[in-house]
Every structure is written in structure tokens, then in C-alpha cells.
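Just below is one structure, and these are the notes that go with it.
The values are calculated or read from the model by the stated rules, or taken from the named source; none is laboratory data. The shown structure was predicted, so the numbers you read here are calculated from the model rather than taken from an experiment. Every residue, glycine as well, gets a Cβ built from its backbone with ideal geometry; the counts of neighbours run over all protein chains shown. Accessible surface is based on the protein model in full, side chains and every heavy atom, while ligands, DNA and RNA are left aside. Shrake-Rupley method; radii C 1.70, N 1.55, O 1.52, S 1.80 Å.
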Amino acid sequence: MVALPFLRDGDSLLLGPGSAELVDALDADLIGLLELRDAQGTAGEVVEHPVLGGSGSSALQSVLLVGVGEAGPGDLRRAGAAVARRTRGRERVATSVPALTHDAGLRAFVEGLVLGSFTFHRRSSEPTPPAREFVIAGMGRHASHSDALEAGLATGRAGWGARTLAQVPANEKNPAWLAERATELAGDSGLDVEVWDEKRLAAEGFGGLLAVGQASATPPRLVRLDYQPSAAKRRTPHVVLIGKGITFDTGGLSIKPADAMATMKRDMTGAGAVLAAMAELHAVGCPVRVTGLLACAENAVSGSSLRPGDVIRHYGGRTSEVTNTDAEGRLVLADALAYAVSQLRPTVLVDVATLTGAVKVALGQRLGGLFASDDTLANHLLAAGTASGEPLWRMPLADDYEERLKSTIADADNAPGGPGAVVAALFLRHFTGGLPWAHLDIASVGDAPGDSYEWSAGPTGFGARLLLHWLEQRRPLAGVPSSRR
């Protein structure tokens, strides 16, 4: 199979690299075919031309004409995903689509190929697999092409890995399982790893993690992963990434309705995104130190459940009155943030969490929510979201709502009411020690409602590609204050 690009130039349709030779060889009117199908050239549009008489594993059996829109990276990512989806079950696919563009487009196209090929199942019979081999033609040999190809594979793998972790059903996936997967990935990726079990969490005062996980038959875990760049210096900036790892969320005693609970195996998407990104930092040449913290627990229901009205003491001593046990993500993130500030003294903190339904009400299912205490850090993350195809929308850390957190018996109420996403972010801010901090509330984009270009129906793993596009920059913290403490 061959996949060729086409685009619209004014009122005309144009075929891309490699098409002239193929038209001559097939004696086919491919432009006529596009016009007959009323093709517009939009990114990811596909028109197929079967090749009559093609047979055997090496014979050309069909030609895919793939729209590339304006041929920007986002268009090329969609085109790559469209090619991957339309070529499932094929042995070998040759394509000249990225020959239209520069290295950023090549990288995006490769990301699309990987993400559009995504498969996860627990069926007794195998679904149709992705194509076994893709050949990119017409690019020539150049070192920058190789770098772009490798970067696309790395970020594509991260997106695939984060999705896979989120797709695993909760009867297989619990905090200990997630810690084991992190340990395996750390070994494969050259990362240092450390795991806190429930006894160590209790001894060191991680009251939020313990409280959320106390009703479950599978106790909580905290996982620490450390990446050191090959050319690290004594004053190399230090980024701490924190992921919410609720492996299943019933809501606790403040139990969720059945429909809302159906997708809660993916409530660890934040931790999965952080883990998947950490595993690829070496591959993208991240120049700064990075620590990943995965705050893992199962929010279950039993006789030992956390109750509305309970007061818990977080790492470092701050207390929270729990008025809603379904606002549990902020309780585990608070412990991890406080630990990072106290023990790691990072340059920047970034947490990633499927935290509030409110952000989905605000933003729908195409944009993640971004809260940030520093404008420059926010701009870095917004740019990375655009480049990666995982876009963010900045939300306000509105001090006017700070008073809602007041409790008469603790330092804060964990769920005092709306605006939900803003209040949750304000709750977390108290644990950041005044450091430059960003909070990614990705509950809006934790699930895709259906297959759409590079997105597959179900858990999205949103955030892994975004983090890598940010951290691979030569100076990912340029302009961010080194401390506000």
C-alpha cells in the first residue's frame, strides 16, 4: 500500500511528492478521483484508489490519498493517524506524506502513526493489528530527519504507554501494581526508583494518601522516579512532576452514581502520564533534573472508609477537614506536593490530575485546564500543549474564592463547593511552598468519546506528550524564577 499527500491550493487540488511517478505507472487519474469524491484536502481526509490486479505480499494493492490541510504539524499528526487507522492489517505501507514539510512535521506525522495504531484489549480473539511496517519515502538522509523520527517515536511511545496504563482494568491495576510497573519502566529507562509502602507512609506522616486508601484491600503507595541528564551540573534546574494515581475511584462514602463510576479505572491518568513521560526523558535529551512522584491509592468503600467530617493531617502538618470523600485526588496530591517542597527543594512543581468534573463543564473534552502561579511557566506549558497536540486553556487562580476553603476545625475544607476546579487548585496551592507551580486538571480530557484522528475512544493518557515537548527544550525553565520562598 502507498499513501500519498494531497492538498487544496485555491480552487485546485494538488498531489504531493511521489505522485507523478505513481500516476504514470498506474495510468490513473487521481485528481479526477478526488474531484469525483468531492475531496477538500482537510487534514486526515482519506480517499482510496484500489489497484486492480495487485496481488501477493510485494504487489501494490491500493493507493491512499491523504489530505494534509495546511501541512502544519497538527495537520501532519492527523494525517499520520489517519494513515495508521486505514492500513490496519497490512504488511507494509510506504508513504511520502511527511516529505511535504520540515522536521517538525515529520515528527508530528510519526506521532500520529504511533497513536493512530494504538490497540488495547482483553478479548479472547485478536483484533485487526496495525500495519507491520511503515516506510517513509522522499525525505532523503539527513541527521535532523533521524532526530525528528526518534523524537516522534519517543513521544508517540509515551502517549501509547500512558493510554495503556489508563486502559488496564481495575481488577488488574491497584497501587502496588502501578508501583511495580513504575519499577520495571525505571529499570528499562535508566531511572532511579524508590517506593513507599503503607508502613513507611504511616511512619513518615503521609496522612492524605493513607486516609484515601484506608478502605481498600490494596494499600496506597508513593513512587519516586529520578532522572539525571547526562551533562548535569551542580546548579542544574530541578523539575518535580506529580501525578494523581487513583487506580479506581468509587467516590468513597460520598459514592458516585453508577454512570460516573464507569470510567474510574482511568483516574490514575495523571500518574500514568508522568510515568510515561519519565520513561522517555533520555530519548528526548531532557537537559534538566526531573523527579516524578506518583501518589497512588484506591478510593474504595468498606467499614474502614474515610468519613465526611474526618480531619486528616498531611505530610508536613497541614490539616484538612474532609467534607466530601469524592474530592480525594487533592488529598493525595497535597502529600506529594508537601514532600517535594520539604525534601526535594525543586525549581518548579507541576502536578497532573484528573481532578474535577467542573473543568469538564468549563472546557468540554478537547482542552485540559491549566492553573499556574507563574506566567512564564504557564506560557511554556501552553506552548508545549499546542506543539504536542494536547492543548491547555489557562484558568484563573482567583483569590476571591480563597475564603471558601475555611474550616472551623482544620486548616482547610477539602470540598467547600464551586467553582470546583478553581477551588481545588487553590486548595493545592497551600502545599506548594510559594514555588513556581502549575496544576494540570485533565479531567476534561481523561476520556475520548470516540476515535478521532490520533485519539482513540476511551482513556487518553493526556499529558505525557505535552510534558515531553516541554522538557526536551534546551531551556525549559527560561525566565521562570528560581525560587519564591
For this session: State whether the residues of segment 124-139 include one that is without any contact (Cβ under 8 Å) to a residue 60 or more places away in the chain, among the polar types (S, T, N, Q) and within 27 Å of A279 (Cα to Cα).
Result: no
Exercise. How about segment 20-46: which of its residues are without any contact (Cβ under 8 Å) to a residue 24 or more places away in the chain and not in a loop (DSSP other than H, G, I, E, B)?
Worked result: A20, E21, V23, D24, A25, I31, G32, E35, L36
For this session: Test G434 against the criterion of being within 15 Å of D351 (Cα to Cα), in a loop (DSSP other than H, G, I, E, B) and open to solvent by 20 Å² or more (accessible area, probe 1.4 Å), and give yes or no.
Result: yes
For this session: Check every one of the strands (runs of 3 or more DSSP E) wholly within segment 187-265 and list those with 1 or more residues that are touching a residue at least 60 places away in the same chain (Cβ under 8 Å).
Result: 221-227, 238-249
Seminar exercise, completed: Of the listed residues (D399, D375, D335), the one being within 22 Å of G434 (Cα to Cα) and open to solvent by less than 20 Å² (accessible area, probe 1.4 Å) is D335
Problem set entry | Contacts under 6 angstrom Cβ, first residue in segment 277-300 being over 10 Å from L471 (Cα atoms) and modelled with pLDDT under 95, partner part of a strand (DSSP E or B) and open to solvent by 20 Å² or more (accessible area, probe 1.4 Å), 6 or more apart | none
Exercise. Got at least one residue in segment 64-84 being more than 30 Å from A384 (Cβ to Cβ) and open to solvent by less than 10 Å² (accessible area, probe 1.4 Å)?
Worked result: yes
Exercise. Among A384, A327, A362, which is open to solvent by less than 60 Å² (accessible area, probe 1.4 Å) and not in a loop (DSSP other than H, G, I, E, B)?
Worked result: A384
For this session: Return a yes/no flag: does segment 110-119 have any residue that is of a type outside the set (S, T, N, Q) and open to solvent by 50 Å² or more (accessible area, probe 1.4 Å).
Result: no
Exercise. Looking at this structure, is D310 touching a Leu at 6+ places or on another chain (Cβ under 9 Å) and of a type outside the set (S, T, Y)?
Worked result: no
Exercise. How about segment 87-109: which of its residues are on the phi > 0 side of the Ramachandran plot and crowded, with 24+ Cβ neighbours inside 10 Å?
Worked result: none
Exercise. Does segment 305-321 include one or more residues that are of a type in the set (A, V, I, L, M) and open to solvent by less than 10 Å² (accessible area, probe 1.4 Å)?
Worked result: no
Exercise. Of the residues G69, G89, which single one is touching a Ser or Thr at 6+ places or on another chain (Cβ under 8 Å), assigned to a loop (DSSP other than H, G, I, E, B), under 27 Å from S146 (Cβ atoms) and not polar (S, T, N, Q)?
Worked result: G69
Exercise. Being outside any loop (DSSP other than H, G, I, E, B), surrounded by 15 or more Cβ atoms within 10 Å (Cβ to Cβ) and under 26 Å from the mean Cα position of the chain (by Cα), is that true of even one residue in segment 123-131?
Worked result: no
Exercise. Hey, any hits in segment 299-317 for a residue that's touching a Lys or Arg at 6+ places or on another chain (Cβ under 6 Å) and hydroxyl-bearing (S, T, Y)?
Worked result: no
Exercise. Of the numbered conditions (1) in contact with a helix residue (DSSP H, G or I) (Cβ under 7 Å, 6 or more places away or on another chain); (2) open to solvent by less than 30 Å² (accessible area, probe 1.4 Å); (3) under 20 Å from S254 (Cα atoms), S407 satisfies every one except a single condition; which is it?
Worked result: (1)
Exercise. Is at least one residue of segment 397-419 free of Cβ contacts under 8 Å to residues at least 60 places away in the same chain, part of a loop (DSSP other than H, G, I, E, B), closer than 24 Å to P481 by Cα and of a type outside the set (G, A, S)?
Worked result: yes
